[in-house]
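Structure, as structure tokens:
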Amino acid sequence: MTNLKQNKTERIAPEELAGTGVINIWLDSYNGIFSDFDSHPYSDRTISDDFIAQAKKIHREKAGNIRSLKLLLPAADRNQQDEKMIAERLQLFFIHAHKQLYDEVKKTNILGLYFIVTGIILMITASYISFLKSEEYYIHLLLTLFEPAGWFMLWSGFDHLIYFSKGKKGDLDFYSKMAKAEVAFKSV
């Protein structure tokens with residue numbers, strides 16, 4: 001799943017730091033990837049919000065596809081077995097986060113469509129009631145209820161479809177690219 005460099009002492013070239021499609025993050029230790037509050041082994045630890053925020057920030061600054069996430073560490077602190085486990089853990093995290101966010105956006109879009117259809121049905125019903133021109137109280141009450149409810153449902157549906165989905169698009173793009181990116185460790 002993840003390709004790791006076999007040579008622990010291999011140094012990163014300066015031109016690799018400026019490469020497109022590569023996210024480089026400098027770390028003091030492997031603990032910089034994980035939450036400070038989680039004492040589990042690397043295979044089960046929670047990924048740090050600070051680490052994800054930094055990766056998102058760099059992703060926003062880079063255009064195009066992200067081919068690789070390079071984690072830069074001092075050569076003396078590297079451990080190949082830990083790196084393999086951490087790289088797999090990061091890949092699984094990004095894949096899971098992408099799927100979870102994708103499902104959330106899909107669910108919100110479906111809910112938005114339901115709201116729109118319900119709003120249109122309520123407005124059609126209100127229009128029909130208005131067309132009847134009845135003098136009965138309960139008919140006017142239905143018109144008074146259905147008309148604003150229809151508009152509310154329609155605009156709430158558009159809100160779900162446009163604004164919520166648009167707000168999550170950046171995160172969905174980030175996790176999609178990171179789920180496909182190679183995770184590699186380099187010495188600095």
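Here are a few things to note about the model shown:
- Of all accessible heavy-atom area on the chain, the percent that carbon and sulfur account for (1.4 Å): 59
- Tensor-based shape of the stretch 86-166 (alpha-carbon gyration tensor, a/c under 1.5 rounded, otherwise prolate or oblate): prolate
- Solvent-accessible heavy-atom area per residue, rounded to whole Å², over the chain at 1.4 Å: 62
- Over the residues of the chain, the helix contribution to mean residue ellipticity at 222 nm works out to -20000 deg cm²/dmol, using -39500 (n - 2.57) for each DSSP H run of at least 4.
- Shown here: the chain, whose C-alpha atoms stretch 88, 35, 24 Å along the first, second and third principal axes, sorted largest to smallest.
The values are calculated or read from the model by the stated rules, or taken from the named source; none is laboratory data. Since the model is a prediction, treat every value here as computed from it, not as a measurement. Calculation scope for accessible area: heavy atoms of the full protein, side chains included, ligands and nucleic acids excluded. Shrake-Rupley method; radii C 1.70, N 1.55, O 1.52, S 1.80 Å.
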